Amino acid sequence: MVEPVTTDTAPVPGFDFKVMLPTLIFDVALPILLFNLLNSRGVPILWALVASGLAPALNNLRLWIKSRRVEPLGIIVMTLIAIGAAASLISGSLFFALIKESFLTGAFGVICLVSLFAERPLLFYINRQFVAGDDPARIAWWNGLWEYPRFRSASRFVTLVWGVAYIVEAFVRVGLAMTLAPALVVNISPMLSFGVLILLIVWTRRYMVAVRERRLSEQTGTRSAGGRA
């Protein structure tokens, strides 16, 4: 049995893109693809939203059967889809239809900010899913990092940035719907969603690596100073 590493300066387990695939496919890509496909085929928005929630639901069922746990990202996606479905029930205007995704992204941003008052912020769990996947050793390693103040601060800061970014995105969507032609808004909206997500993922990875590298540099400097003394 491999002992999990619980130090903020120990080598990070080798990155494997396959770890990210289930989350990216079930919790991100499939809901978006299902909704747009069904909506383009004339399926009412409400039913398209409900159907798009099946993918993360199936992923959480898979994880529950396999390891008796659920992933926060899948739960959040299903919750946001439920909010969108409820909002669609009161939708009767083109403008509301154009800004419906603002409710989802805005709600996610608020959830991020509220989680800052919890024991562990939301991005701690989302990052764990991307880094560790279903690997018990990776999960234990990631959980063990929480004992280090620098890691806790970094996790909270990342969560703050994601929360603010998605709230800003929600307002940008409303602004686009108020100023641009509906057809243009429909085309821009998916690109905006993926663009914000990719930028946040890239920034988060670089920021967390930079935090760790600074810690390594400080420890190396401390050991060098001690040796000279």
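Put +1 on the Cβ of every Lys and Arg and -1 on every Asp and Glu Cβ in segment 102-199; which of ALA154, PHE194, GLY133 then has its Cα farthest towards the positive end of the dipole? So the residue furthest toward the plus end is ALA154. With both labels modelled 7 Å from their Cα along Cα-to-Cβ, the VAL110 to ALA137 distance reads 4.3 nm.
Model label points for ILE188 and ALA57, set 7 angstrom from Cα along the Cα-to-Cβ axis, are 3.4 nm apart.
Rg and Dmax of segment 130-170, based on Cα coordinates, read 13.1, 37 Å.
Only the coordinates and a few stated rules stand behind these numbers; no lab work does. Predicted, not measured: the structure shown is a model, and the values here were computed from it. For neighbour counting, all protein chains shown are included, and Cβ atoms are generated from backbone atoms with ideal geometry for every residue, glycine included.
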